[in-house]
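Working notes, structure below.
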Amino acid sequence: MDLPVFHLDFFGNRILIGIIAIVHVFINHPMAVGAMPLITLMEWTGKRTGDRRWDDLAYKILTVCFIVTTSLGALTGVGIWFSTSLVNPYAIGSLIHIFYWAWFTEWIVFCVEVILILLYYLLWKKWEGPLKNRHIILGAVLSISSWLTMAIITAILAYMMDIGDWRLGKGLLAAIMNPLYLPQLAFRTPLAMATAGFFALLLTYFFLKYDAVFRASVARWISIWTLAWLPFCLAAGIWYWRMIPDALTQNLNVAVATQIFETHYNLILVSLYVFILLALLFLLWVVIKPLQVPRYVLLIPFMVGILTLGYFERVREFLRKPYVIADYMYANGIRVDDYPLLNQRGILPYAVYAREKTVTDENKILAGRDVFMIACTRCHTTNGVNGILAKFQNLYGPGPWDAETMALYIRGMHNARPFMPPFPGNDAELNALVQYLLTLRQYPIPLKGAQTADAVPPPNLSHANAGADSRS
């Protein structure tokens, strides 16, 4: 709690991260990890068959992937870590501390990947004839580097769900080889290949608008590629699911359906299965009768692929709650081991940028605002997306809210809602938080984050840290 708190009071911090992350996955998996080997294989097929049209189509698909991955893909890739560093710097700091060399390696591989895709794209028209084999090898190396970046980052994402033996002091290798790493990587790899097939199939029907015979041949070829990866995707998905700790699966209903539609969980799950089955049927249709498939129908498997990717990322992110790093740090950025001390002494004395360090009768509402900012704003706003007032409105209705009942609920909310972290502060801070919420209900003033509230460091920072130092 040594840093000022970044907060978007209408949009919400988690929506910011969620949108950037999902857009990045939409780009990274189909267009980088999955598309590069598919395009390379198409280029090789063109050379093997002597049919120039394969080469031309592969180049057009690569052009789309090149433009999107090197612009929006790169921007959202950096944006994920920039936004998460703003919202939860303690989690990112801990992960950098553990995965420093893994991250360093990933950045090297990423830079190599960027150089390779530049070479692969820019040399396509120049390395023809006797140099074609060299260009195909370049595409294969690019495919491996694209997969490696995903493989390294997957280790970190899996670790956030299950730290495995790392807590026993076994270091970086134990952190990387956490129980969920290989299952998640095994699932993501065929998922990326299959979604690349959906994407390439859609582009094929637009790029080959006036060559129906060749379009049918390519569509069948891409559909077979996609169908070939789906059994691996299913098997790895089952493996991945079985390895997820039971404590995390209790959040599945909300992870899939959100709190609003939690009661419709089964309906939503069945709907997802139906969409996936439809996509399979359309792929089989393309394999059997490619000339009869209207172009617009190819939007369906593409949209199913995008939907599957988006849902997978949402569910994965939500399952690990109430933690941001499993069993180590809660989603509010406070370490599990710090809770006993903070429950006794409070969080305000250890929050360097908190304006109120103790709770008194005179500053109770301002202190409660600081407690809300520290403990709640990683996930909640005041009146915006996932607004805290709306949550209590659903619980206690439009009438008067009882302060004692609210305090009892907040103190035990993690029991009723296992995706919520326990309240980190002491009783005085809990009562101050309740008073702030009651006042906020009467006067719904937006809460400014440090980025707009002109956060000022305390005049004597070392003095302000004295309380934190006392922990050691």
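Between (1) 22.5, 68; (2) 25.6, 84; (3) 25.7, 88, which matches Rg and Dmax of the Cα atoms in Å calculated for the structure shown?
Entry (2).
Once label points are set 7 Å from the Cα along Cα→Cβ at both Leu119 and Ile288, what is their separation, rounded to one decimal in nm?
My value for the distance between the label points is 4.6 nm.
Can you give the FRET efficiency to the nearest 0.05 for His97 and His414, using r as the Cβ-Cβ distance and R₀ = 22 Å? Walk me through the intermediate numbers first.
Details: r = 26 Å, r/R0 = 1.20.
Between His97 and His414 the formula returns 0.25.
Under a plain spin-label model, where a point goes 7 Å from the Cα along Cα-to-Cβ, how far apart in nm are Glu404 and Val78?
5.6 nm
At 0.36 nm per residue, and after removing the present C-alpha to C-alpha distance, how many nm does the segment from Phe275 to Gln451 gain when stretched out fully?
Details: separation 176, 0.36 × 176 = 63.36 nm, distance 4.23 nm.
Value of the extension gain: 59.1 nm.
Once you have the Cα-Cα distance between Tyr443 and Thr249, take 0.36 nm times their residue separation minus that, and quote the gain in nm to one decimal. Each step should come with its number before you reach the end.
On the way: separation 194, 0.36 × 194 = 69.84 nm, distance 3.87 nm.
Length difference between fully extended and current span is 66.0 nm.
I want to check the label-to-label distance for Asp51 and Ile137. Put each point 7 Å from Cα in the C-beta direction and report it in nm to one decimal.
2.7 nm
How much length, in nm to one decimal, is gained on full extension between Leu227 and Arg355, taken as 0.36 nm per residue of separation minus their Cα-Cα distance? Let's see the in-between values first.
Details: separation 128, 0.36 × 128 = 46.08 nm, distance 5.85 nm.
Fully extending the segment from Leu227 to Arg355 adds 40.2 nm.
Add +1 for every Lys or Arg and -1 for every Asp or Glu among the other residues with Cβ under 10 Å from the Cβ of Ile17, and state the total.
Numbers: positive: Arg14, Arg378; negative: Glu317.
Once all neighbours under 10 Å are counted, the net charge is +1.
I need the helices of the chain that pass two filters: whole DSSP H segments spanning 30 Å or more by Cα along the axis, and mean Kyte-Doolittle score no lower than -0.5. Before the final figure, lay out each step's value.
Working: long enough: 89-122 (41 Å, 1.51); 132-161 (44 Å, 1.26); 181-207 (38 Å, 1.16); 212-243 (46 Å, 0.95); 265-288 (35 Å, 2.67).
Once both thresholds are applied, what remains is 89-122, 132-161, 181-207, 212-243, 265-288.
For region 32-162, what does the accessible surface come to per residue with a 1.4 Å probe? Please give it in Å². Could you put the intermediate results ahead of the total?
Details: 5680 Å² over 131 residues.
Per residue, region 32-162 has an accessible area of 43 Å².
What FRET efficiency would be calculated for the residue pair Asn394, Ala428, taking the C-beta separation as r and a Förster radius of 25 Å, to the nearest 0.05? Walk me through the numbers on the way to the answer.
Details: r = 27 Å, r/R0 = 1.08.
Rounded to the nearest 0.05, the efficiency is 0.40.
In Å and whole numbers, how far do the C-alpha atoms of region 19-77 stretch along each principal axis, longest first?
Each principal axis gives a Cα extent; for region 19-77 these are 43, 15, 11 Å.
Using a 1.4 Å probe on the protein heavy atoms only, what accessible surface does Met303 show? Give it in Å² to the nearest 10.
Accessible surface of Met303 is approximately 110 Å².
What order, most packed first, do the peptides 354-364, 420-430, 125-135 have when packing is the mean number of other Cβ atoms within 10 Å of each residue?
Values: 354-364: 15.9, 420-430: 21.3, 125-135: 11.9.
Listed from highest to lowest mean packing, they are 420-430, 354-364, 125-135.
Among Thr154, Val297, Leu269, whose Cα lies farthest out toward the positive end of the dipole of the chain, if unit charges sit on the beta carbon of Lys, Arg (+1) and Asp, Glu (-1)?
Working it through, the farthest residue towards the positive pole turns out to be Val297.
For the chain, how many pairs of lysine residues have a Cα-Cα distance under 18 Å, where the two are 8 or more positions apart or belong to different chains?
Taking the chain as the scope, the lysine pair count is 10.
For region 303-380, what is the accessible area per residue in Å² when the probe is 1.4 Å? Before the final figure, lay out each step's value.
Values: 3010 Å² over 78 residues.
On a per-residue basis, 39 Å².
About the Cα centre of the chain, how large is the charge dipole given +1 on each Lys and Arg Cβ and -1 on each Asp and Glu Cβ? Please answer in debye to the nearest 20. Intermediate values should be presented prior to the final figure.
Values: 36 positive and 29 negative charges, 328 e Å.
Around 1580 debye, computed over the chain.
Of all the C-alpha pairs in region 303-393, what % are more than 22 Å from each other?
Details: 1844 of 4095 pairs.
Result for the distance tail: 45 percent.
How big is the accessible area of Phe82 in square angstrom, nearest 10, if you roll a 1.4 angstrom probe over the protein chains?
Near enough 130 Å² of accessible area.
On the protein heavy atoms, probe 1.4 angstrom, tell me the percent of accessible surface of the chain carried by carbon and sulfur. If you can, show how the numbers build up before the last one.
Details: 15040 of 22240 Å².
On the chain, the fraction of accessible area on carbon and sulfur atoms equals 68 percent.
The values are calculated or read from the model by the stated rules, or taken from the named source; none is laboratory data. Everything numeric here is computed off the predicted structure, so don't read it as measured data. Note that we place each Cβ from the backbone using ideal geometry, even for glycine, and neighbour counts take in every protein chain shown. Quick note on the areas: whole protein, heavy atoms, side chains included, nothing else; ligands and nucleic acids left out. Shrake-Rupley method; radii C 1.70, N 1.55, O 1.52, S 1.80 Å.
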